[in-house]
Amino acid sequence: MLKERLQTLGQLVREGARPENRQHFVLVLVLVVAGLVIALGAMYPLVAPFLYTLF
Amino acid sequence: MIYLRETVAGLISPWVVLSPTRFARQLQQFAATELYTHYDIAEVAERQPSPLREEMHRHANDELRHHGIFLDWARKVAPYVTAGAADDPSGSRSRLEREEVRALVAQPAAPHRRLPTLFEYMTYIFLSESRAVLQFKLYQWINRYDRRCREWIPRLLADETRHVGYSARVAREEFRRAPWTCTKGFFRVLGYILRQDLLDLLRLVQILGSGLVTGLLYYGVVTPYGLVKRAFGGVRRGRLRRAAPTGPVALDDAFWSRS
Amino acid sequence: MNVCGVSAQYHDAATALVVDGQLVSAAQEERFSRRKGDPSIPVRAVRRLLDDAGLAPGDLDAVVFYEKPFQKFFRIVASSVANAPFGLTAFRAALHAWFESRLWIRTDLARALEVPRERIAFSDHHLSHAAAVFLTHDVGSAATLVVDGVGEWATTTLGRMRRDDDGLRYEVLETVDFPHSLGLLYSAITAYLGFEVNEGEYKVMGLAAHGEPRFAEEIGALVEAAADDAPRGTGGFRLDLRAFAHDRSVQKGWSRRLETILGPPNPPHRPFAADGSEDARRYADVAASLQRVLEERLLRLARRARELTGESTLCYGGGVALNAVANGVLARSGVFERLLVHPASGDAGGAVGAALAWAATHGEPRAAPLGAPLLGTTPDVRDDAPPDADDLAWERADDQDALCERVAELLADDRVLGWVHGRAEWGPRALGARSILARPDGPDQQARLNRMVKEREDFRPFAPVVLAHRADELFEGFGPGRALERRMLSVVTVRPAWRERLAAATHVDGSARVQVLHEEDAPLLHRLLLAFERRTSLPALLNTSFNHAGEPIVDSVTDAVASARRCRLDALAIPPYVGLRSRADAVPRAGDTTPTDATRC
């Protein structure tokens, strides 16, 4: 599951780097990192408390 | 232990009731729970013999009626909280709905899962309904200053109490038939409910945590980024991208594979 | 080659099955999950359609999702950037929705439908809508116009579609991007009028007939149209975003400025009383004005499409094409010789378009034109035993003539009846496969059905179904070839001489959303109408979708029995059976007392 999630995020980043989508590429990268935290928290609720103490 | 969650929820209920937004959201959640219970019980009822089937259908219909009561109540408490977003342009929906999407994906993906026995199901109903009775009684007592709680809750409580009664009766009958299997089943249900409670608690952490992360992200990154971009004319509210592509669309393999 | 189209995640999830280039079936998930507007991945619908076609998930060559989610994500990022710092709630909700479920659609589809990830393909939202119209009609080339809330970026797309031996050709000529959107304008004012978005738009359309368009100028000023001679690529319209907040808020699509212009909004879900109060009049006037502005802007877009493409046929799609009143105006305007609309032109229809477009670009561009849109499942009726419902007394008809005579007798006797026959309809309209039928005359019939059967607002009319050969005698204002009226996609005018006899199916302004019934579209219903005509000299029946308030249209026999019980219908016809409810337990007639809540389930 995690592998598929990472694969999808990789595709998202690649797609975001295409000329027509590049306008906010930096922000997309930041959102992908934060989004990964949200995705992990939602996928593994047991991990969520530890994840969010990081912030 | 198993009633702890409802006790806490009942005790902190004034904090919810006094805020129209929070109260409306909670009522919406109650409404959703009632609706799912309706579907669930109606589905299980179809597999039961008469007269239990009729009894369960009556229960299912009660849940549907409660769903309507909670929704109406929520709409009266905070109309705009419960109104739909305009075609969901931001790509968001209520958390509940999203979870529903996941649940529906997960459920048929595991068609061979073991179905609960009638005893287990009735024990589950008994425990859930008695938890609801406890929570509503606390709600009623603590919020007795609130006219709506005084009016509505007794109507729900009467039904919930009847559900506790018939589920306990059916579970008892089943238990007499096979005591040892049912004892194992009882602990299985208990374990299931406790696990769900733990997951709900962790989900609460997830909601609060991710709320914090997105808040920080929005004001710490998106806002400064947006202000700079706008200052340099990169994007405007009325013009999100420079130019929309026009011309022939190449409907080739690359087109179909790109998401 | 087997292709499955899927639309999901927002509202009205649906699926369509295309086998060897031909559309064989399509259905919305709500029909099986029994949750109205169900947005979840249509697992039940896909399984059912595959079973009916004798296919397994492994037999699918492609599963085509109706839009490109990443593109949508990039648009949301851009919108967040443009609105910061005023859109925190929208941003937060979007981030959760996307990273918790929407982004993973490829994985979720593969997992839920049990197909390899590589077989999941993605169409484009507006391409799916345009293809759903174009590829279900017998046309070689046509202009396309898609107008909806929002797809990936675009809210309006003007283009041209053509098929040749190599496949499908699609050219985009002009687009209008989010947040400028006629669909979202309509949704925002739907919510302003107190109706539910994605559910109440057609109520606004119905309410419009009660009002005068006295706010048309004000609303028109909020939708600035480009000049008719604007250079190619710069046409369309722009919303005055100061009056709207659909890009900032998930709860309220308008700003205080709109309230300054139109007055205070109607609180959501407040029962709408056509009581002549000043507020009720104002809301009806706002609805009428909105409808007028929408029609005017759509006409401009259609003229623009004609001018840019030179085509004589327009394929018109997207959620806004569900507006039957505007469709009628477009069809009668004569801007195009032919106006084609898909029966499920909302997002559900995207599943059909996505699957057909994929097949068309993979060597199968010649889908047969769609006749009557009956693409759903067939009810499971046993020939040797009536449906399992002991609250109805079942009779078995010896043949179809006897059945039609019996049903016509019941209808003539003013009974309200559920009708379940053949494959279910595709789209939101009941076309005589899952319908509630009743006499269309009688001054109280509309209120009786609205209150008792549908529990909905009094101002909403019902639709008539009329025998094709007598349609012109009863109605006027048909579009070219009566193509839209055949699928209940347009609104016509009831001739004054017939208004009394069609009272329950005639709107306050004399209009009706009629279904013109040809024998080949639904032979048994046609025969029933003939039998009813013989008894009453009325060649039309009132035909409304078979569902109770808040539930989707029934699909199976079990759904029909349950819904008939909830609606307390007098009778239920599931050929060859007719089930009768005792008079005491049936829908009260005008003048009867209103039942208490306790009698409803």
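FYI, it's all coordinate maths here, none of it is from the lab. Predicted, not measured: the structure shown is a model, and the values here were computed from it. Don't worry about glycine lacking a Cβ; one is built from the backbone with ideal geometry, like all the others, and counts go over all protein chains shown.
Would you mind listing how long the protein assembly as shown runs along its three principal axes, going by Cα atoms, in whole Å with the largest first?
Answer, in whole Å and largest first: 78, 75, 60 Å.
What do you get for Rg/Rh of chain C when both radii come from the Cα atoms and Rh is the Kirkwood radius?
0.95
Starting with the fewest neighbours, write out B:C182, C:C567 ranked by other beta-carbon atoms found within 10 Å of each beta-carbon.
Lowest count first: B:C182, C:C567.
Please report the relative contact order for the stretch C:77-203, taking Cα pairs under 8 Å with a sequence separation of at least 6, and give it as a percent rounded to a whole number.
On the way: 128 pairs, mean separation 17.3, N = 127.
Value for the stretch C:77-203: 14 percent.
Let me check I've understood the local charge: for B:T246, count other residues with C-beta under 9 angstrom from its C-beta, Lys and Arg +1, Asp and Glu -1. What total comes out? Write down the numbers at each step before the final one.
Numbers: positive: C:R232; negative: C:E171, C:E174.
Overall, the nearby charge balance is -1.
Would you compute the Debye intensity of the stretch A:2-53 from its alpha-carbon atoms alone, equal scatterers and no solvent, and pass along log10 I(q)/I(0) at q = 0.17 Å⁻¹ to two decimals?
-0.57
How many angstrom separate the Cα center of the stretch B:28-52 from the Cα center of the stretch C:1-46?
The distance from the Cα centre of the stretch B:28-52 to that of the stretch C:1-46 comes to 25 Å.
For chain A, what is the calculated [θ] at 222 nm in deg cm²/dmol (nearest 500), taking -39500 (n - 2.57) for each run of four or more DSSP H residues and dividing by its residue count?
Value at 222 nm, helices only, nearest 500: -23000 deg cm²/dmol.
Distance from the Cα centre of the stretch C:409-459 to that of the stretch C:172-238, in angstrom?
The stretch C:409-459 and the stretch C:172-238 have Cα centres spaced 31 Å from each other.
Compute for the stretch C:177-341: radius of gyration divided by Kirkwood radius, i.e. Rg/Rh, restricted to C-alpha atoms, rounded to two decimals.
The Rg/Rh ratio comes out at 0.97.
How many partner chain Cβ atoms sit within 10 Å of a residue's Cβ in peptide C:103-110, on average, as a whole number?
The per-residue average across the peptide is 5.
Write down the Å³ per residue value for the convex hull defined by the alpha carbon atoms of the stretch C:24-63. Could the numbers behind the result be given before it?
Values: hull volume 2.8 nm³, N = 40.
Per residue, the Cα convex hull of the stretch C:24-63 comes to 70 Å³.
What's the exposure ranking of C:L467, A:L31, going from fewest to most Cβ atoms within 10 Å?
Neighbour counts put them in this order, fewest first: C:L467, A:L31.
What is the packing order of peptides B:41-52, A:6-17, B:206-217, C:431-442, taking the mean over residues of other C-beta atoms within 10 Å and listing the highest first? Don't jump to the answer; show the numbers that get you there.
Details: B:41-52: 13.7, A:6-17: 15.9, B:206-217: 18.5, C:431-442: 25.4.
Ranking the peptides B:41-52, A:6-17, B:206-217, C:431-442 by packing returns C:431-442, B:206-217, A:6-17, B:41-52.
Could you line up C:S141, C:S7, B:S130, C:S181 from fewest to most neighbouring Cβ atoms inside 10 Å?
Lowest to highest Cβ neighbour count: C:S141, B:S130, C:S181, C:S7.
Using DSSP loop states and a limit of at most 14 other Cβ atoms within 10 Å to flag chymotrypsin sites (Phe, Trp or Tyr not before Pro), what is the longest stretch of chain B containing no flagged site? Could you put the intermediate results ahead of the total?
On the way: sites that count: B:Y3, B:Y145, B:F232.
Longest run free of exposed loop sites: B:4-144.
As an exercise, use a Förster radius of 60 Å and the Cβ-Cβ distance of B:W180 and B:K137 to find the FRET efficiency, rounded to the nearest 0.05.
Calculated value: 0.95.
Using r as the Cβ-Cβ distance of B:L198 and B:V249, and R0 as 51 Å, what FRET efficiency do you calculate, to the nearest 0.05? Don't jump to the answer; show the numbers that get you there.
Working: r = 50 Å, r/R0 = 0.98.
The formula returns an efficiency of 0.55 here.
Grab the beta carbon distance between C:R332 and B:Y145, set R0 = 41 Å, and tell me the FRET efficiency rounded to 0.05.
Efficiency, from the Cβ-Cβ distance: 0.10.
What would the Debye formula give as log10 I(q)/I(0) at q = 0.14, 0.15, 0.16, 0.17 Å⁻¹ for the alpha-carbon point model of chain B, no solvent?
Those come out to -1.12, -1.24, -1.37, -1.50, one per q.
If you count, for every residue in A:10-16, the Cβ atoms of partner chains within 10 Å of its Cβ, what is the mean?
4
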